[in-house]
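Colleague: One structure follows; several queries about it will come next.
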Amino acid sequence: MRIDKFLSEMGIASRSEARSAASRGGVLIDGVPVKDLSKHIDPERVSVSYLGRRIDYNRFVYVMLNKPEGYVSATEDSSLPVVTDLLPDELQKRELFPVGRLDRDTVGMMILTNDGHLAHDVLSPRHHVKKVYFFTAAEPMAEGVEEYFKNGVTLRDGYECKKAEISLSEDRLSGYITLTEGKYHQIKRMVAASGNRVTSLERVSFADIALDPSLDRGEWRYLTEEEIGLLRSGE
Ligand code: URA
């Protein structure tokens, strides 16, 4: 990879900033100043320093986003805003994509990465990754719904869902549902199968990683090493 491309993809410097720093001896490869930033390096094998700061190369990036309403869980759409629009320019260059989907009107926990293998494994139905949703319903949830969910809801199209847990508020108008699968509109369809309707939906946890309460809707942060470990344990 070109040195200037590396620095810009890592969000360290634009190409012109890097050129100016290099002309002042501020870009070192393995301790040696370089002026020609079109030179190719293998960032996993060399040490890069920029204006006295060592730049560690992270091949893969893992991000938690608090998804707001109105965004499509995709990297592009012909007319609507997509979740990757919420990331800063330097991350847009790293080609992150969402791990799984949330409906446009669903909010909350979304993981984005450019680690295709990890995303593939985490989403594989073999791995039963846990997802927890908070929902509100149009009417109080029916008596016995806990047992109904526990035994595996049959959707209106005949699909038999895996066992799911539901825990309700006292007035039964809201609650948490834990799934280990991710079918299209699954929560909405499960609640519909119980004779009710979801009025709002938020994912609060994915693969045992809880949505960070300090993130407002639309905000993101990098996953910690521990959180990446939780994601990997779903591989
Ligand atoms: N279930 C739904 O119905 N919608 C989502 O966005 C996620 C789970």
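The values are calculated or read from the model by the stated rules, or taken from the named source; none is laboratory data. Keep in mind the model is a prediction, meaning the values are calculated, not measured. No Cβ is skipped: glycine too gets one built from the backbone with ideal geometry, and neighbour counts run over all protein chains shown. We work out accessible area using only protein heavy atoms, side chains counted, and drop any ligands, DNA or RNA first. Shrake-Rupley method; radii C 1.70, N 1.55, O 1.52, S 1.80 Å.
Colleague: Can you tell me the length gained on complete extension of the stretch Asp85 to Asp30, counting 0.36 nm per residue apart and subtracting the Cα distance?
Modeller: So the chain would gain 16.3 nm between Asp85 and Asp30.
Colleague: Could you tell me how far the Cα centroid of the stretch 17-87 sits from the Cα centroid of the stretch 171-224, in Å?
Modeller: With the stretch 171-224 and the stretch 17-87 each reduced to a Cα centre, they are spaced 32 Å.
Colleague: Which whole-number percentage describes the relative contact order of the chain, with Cα contacts under 8 Å and a sequence gap of 6 or more?
Modeller: In percent, rounded to a whole number, it is 20.
Colleague: Where only protein heavy atoms count, and the probe is 1.4 Å, what is the accessible area per residue for the stretch 130-206 in Å²?
Modeller: Ligands and nucleic acids excluded, the result is 53 Å² per residue.
Colleague: Please list His120, His127 from largest to smallest accessible area, probe radius 1.4 Å, with all protein chains kept in place.
Modeller: I get His120, His127, largest accessible area first.
Colleague: At a 1.4 Å probe, what is the % contribution of carbon and sulfur to the accessible area of the stretch 181-222?
Modeller: Roughly 50 percent of what the probe reaches on the stretch 181-222 is carbon or sulfur.
Colleague: For Asp115, list long-range residues whose amide hydrogen, built 1.01 Å from N in the peptide plane, is under 5 Å from its own amide hydrogen.
Modeller: Amide H to amide H, under 5 Å and 5 or more residues apart or across chains, Asp115 pairs with Val61.
Colleague: I need the GluC sites (Glu not before Pro) found in the stretch 50-142, filtered to DSSP loop residues with at most 10 other beta carbons within 10 Å of theirs.
Modeller: Glu76
Colleague: Turning to a different aspect of this structure: Within the stretch 1-95, report the trypsin sites (Lys or Arg not before Pro) that DSSP leaves as loop and that have at most 12 other Cβ atoms within 10 Å.
Modeller: Sparse-neighbourhood loop trypsin sites (Lys or Arg not before Pro): Arg24, Lys35, Lys39, Arg45, Arg59.
Colleague: Would you please give the residues with an amide H less than 5 Å from that of Gly152, counting only those at least 5 places away or on a separate chain, with H modeled from the backbone geometry?
Modeller: Ala164
Colleague: With labels modelled as points extended 7 Å from the Cα through the Cβ direction, what inter-label distance (nm, one decimal) is found for Tyr222 paired with Arg54?
Modeller: In this crude spin-label approximation the distance works out to 1.5 nm.
Colleague: For the chain, the longest stretch holding no chymotrypsin sites (Phe, Trp or Tyr not before Pro) located in a DSSP loop with at most 16 other Cβ atoms within 10 Å is which?
Modeller: Maximal segment without exposed cleavage sites: 61-158.
Colleague: Follow-up question, since we're still on this one. Quick check: net charge around Phe97, other residues with Cβ under 14 Å of its Cβ, Lys/Arg +1 and Asp/Glu -1?
Modeller: It works out to a net charge of -1.
Colleague: Moving to a separate point now. Do the sum for the chain: with -39,500 (n - 2.57) for every DSSP H run of n ≥ 4, divided by all residues, what is the mean residue ellipticity at 222 nm, to the nearest 500 deg cm²/dmol?
Modeller: -5500 deg cm²/dmol
Colleague: Also, quick follow-up: What residues have an amide H closer than 5 Å to that of Ile55, excluding those fewer than 5 places away on the same chain, when H is modeled at 1.01 Å from N in the peptide plane?
Modeller: Answer set, sorted by chain and number: Val48, Ser49, Tyr50.
Colleague: Roughly speaking, what is the stretch gain from Ser214 to Ala142, that is 0.36 nm per residue apart minus the C-alpha to C-alpha distance, in nm to one decimal?
Modeller: Full extension from Ser214 to Ala142 adds 22.5 nm.
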